[in-house]
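Worksheet: the structure to be examined is printed underneath.
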Amino acid sequence: MKLHISALLLLLGIAIAIPVTQAEEAAPAASAAKKAKTDLEKAMSTIGRANRQLKKQIKDASKNESSLELVAKLREGAEASLKLIPAKAQDLPADERDAFTSKYKASMKDFLAGVSKLEADLKANDNAAADADLKNLNSQEKDGHKAYRRPEKE
Ligand code: HEM
């Protein structure tokens, strides 16, 4: 009888272990898929890093040289973004994609115009204007993401 109980416990152990192992195998695959970045996400990350640092120092005229280098990064990211198409385009009916992409490109061109204004104001050492320019770019980010970014699935 004692032997039978051990055999039963062993079977129970296996029954529990199998689904746990399967779940562990499935988890890394799911997170790997989540991590694969689109080219547009990579370009946006360049913009994101430069923007974060610019926010910290935009008012400080003694840092304008470094701020101008960060503005060059904003431009680099935005010019790369202009050549790409948001992932959300694939979720739309085929006959809406061209209009969506044209609007996206127009918004990205506006963003680039704002980057040029920011550059000019920094070159003129007008940090109050540069601060306002950066705020403007950040409100374009909000609108851009609302219109063109795929909503989170989770
Ligand atoms: C200061 C301005 C901006 C910042 C800091 C910014 C930052 C970001 C970041 C951090 C991501 C996510 C990247 C990732 O998942 O790794 C992203 C995604 C995205 N952003 Fe921006 N962004 C800005 C402006 C804009 C503008 C102006 C537009 C549109 C005209 C835009 C359109 C998008 C789109 C469509 C995505 C999703 C990427 C895809 O579809 O593959 N962003 N952005």
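Checking each residue of segment 73-87 against the condition of being without any contact (Cβ under 8 Å) to a residue 12 or more places away in the chain and exposed (fewer than 11 other Cβ atoms within 10 Å of the Cβ) gives no match.
Would you point out the residue of segment 31-65, among those that are hydroxyl-bearing (Ser, Thr, Tyr) and loosely packed, with under 13 Cβ neighbours inside 10 Å, that is farthest from the ligand (Cβ to nearest atom)? Restricting to residues being hydroxyl-bearing (Ser, Thr, Tyr) and loosely packed, with under 13 Cβ neighbours inside 10 Å, the top hit is 62.
Matching residues to (1) away from the ligand (no atom under 13 Å from the Cβ); (2) under 19 Å from the mean Cα position of the chain (by Cα):
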{"site": "67", "(1), (2)": "yes, no"}
{"site": "85", "(1), (2)": "no, yes"}
{"site": "94", "(1), (2)": "yes, no"}
{"site": "118", "(1), (2)": "no, no"}
{"site": "130", "(1), (2)": "yes, no"}
{"site": "139", "(1), (2)": "no, yes"}
{"site": "142", "(1), (2)": "no, yes"}
{"site": "149", "(1), (2)": "no, yes"}
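If you scan segment 96-111, which residues turn out to be among the hydrophobic types (A, V, I, L, M, F, W, C), surrounded by 16 or more Cβ atoms within 10 Å (Cβ to Cβ) and more than 9 Å from the ligand (Cβ to nearest atom)? Within segment 96-111, just 100 meets the criteria.
Of the residues making up segment 76-130, those that are among the acidic types (Asp, Glu) and under 30 Å from residue 65 (Cβ atoms) are 76, 79, 110, 119, 121, 126.
No lab work stands behind these numbers, since they all come straight from the coordinates. Being a predicted model, the structure only gives us computed values, none of them experimental. Don't worry about glycine lacking a Cβ; one is built from the backbone with ideal geometry, like all the others, and counts go over all protein chains shown.
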